[in-house]
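We did not get these values from a lab; they are worked out from the coordinates using the rules stated. All figures in this text were calculated on a predicted structure; none of them were measured in a lab. Here Cβ is always computed from backbone atoms with ideal geometry, including for glycine, and neighbour counts include all displayed protein chains.
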């Protein structure tokens, strides 16, 4: 199967992860509660994720631990109650919420195997739901699995990316790729100006971004490895027309909104920054700095351009979450008084 067919298969699998909760959860919820279909539909509304993170951790043997993370802001009582009910459904029978995703993802992996000529398989599939504080409250659904053969291995060299060639991310979707400590990235494509953020042992591509037919691409060498270059396995066709946005967010809702209240645990642990939105990262930085920081410090600490920082700061200011003022030639940011008092 060519790259275009493989990319479409990947999109369909990720789309199913977003939709499977609604497809299975509604049916099981109605059965479990003994409610009629009409009564169930009357109190349900679709809710879509605010952020999607494709979290890929690659190991030395080329296997990758995948997490497809869907986050929805729980900013009203109805949505919060709905997610708690949805979370309880998953905890009662998680297999029903992952069965179709497993089938589609296995098909995707077989397609990638044909496109790259590399032996692959998927294992350790699971799904979970939880409530986290970011500091805002979010409902989080995570589909996890291991993709064996995801990266190409040649001696001390790892090549990552041919399994995702031609991916398209929208503004709410990000791709996070992590690699083992001790490896040095000798090549990362695309370049920073196309939406990439470089961190230690990881790279993030924030949408919107369109990868070329041979991108994304990461070449890693172990310490002291001279190595020889193995040609990148060519794919049968470009996949530049792939729209992961449509697959992830347009394929259907993954959560039902219920009117009934139920108890649920909220996690108070601070989440990794990889799962935060740009606005949340600025707010966290301000909170860590006592509620006030120079805008230049935000640029330096987060590794953003001044233009991107100004855009994020402007959005937060319009929402009333931060204030800004001039101090000499410097622009200083401060948490809004209401946030500092909360």
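Could you calculate the contour length gain from residue 60 to residue 92, that is, 0.36 nm times the residue separation minus the distance between their Cα atoms, to one decimal place in nm?
Values: separation 32, 0.36 × 32 = 11.52 nm, distance 3.55 nm.
Gain in length upon complete extension: 8.0 nm.
Residues of the stretch 310-328 with amide nitrogen under 20 Å from the 7 Å Cα-to-Cβ point of residue 294?
It comes to 310-314, 323-328, nothing else.
Going 7 Å from the Cα of residue 100 along its beta-carbon direction, which residues of the stretch 114-154 have the amide nitrogen within less than 16 Å of the resulting point?
127, 143
For residue 323 and residue 191, compute 0.36 nm times the residue count separating them, minus their Cα-Cα distance, and round to one decimal in nm. Before the final figure, lay out each step's value.
Working: separation 132, 0.36 × 132 = 47.52 nm, distance 3.31 nm.
Stretched fully, the residue 323-residue 191 segment lengthens by 44.2 nm.
I'd like to compare 121-130, 164-173: which one has the highest average count of other Cβ atoms within 10 Å, and what's the full order after that? Can you show the working numbers first?
Values: 121-130: 16.6, 164-173: 21.9.
Per-residue mean Cβ counts within 10 Å order the peptides as 164-173, 121-130.
Between the stretch 116-182 and the stretch 283-342, how far is it from one alpha carbon centroid to the other, in angstrom?
31
If each residue of separation counts as 0.36 nm, what is the full-extension length gain between residue 332 and residue 307 once their alpha-carbon separation is subtracted? Please report the intermediate quantities before stating the final value.
Working: separation 25, 0.36 × 25 = 9.00 nm, distance 1.58 nm.
Here the segment from residue 332 to residue 307 would lengthen by 7.4 nm.
By count of other Cβ within 10 Å, fewest leading, how are 99, 132 ordered? All intermediate terms of the calculation are to be shown ahead of the outcome.
Numbers: 99 14, 132 19.
Ranking 99, 132 by Cβ neighbours within 10 Å, fewest first, gives 99, 132.
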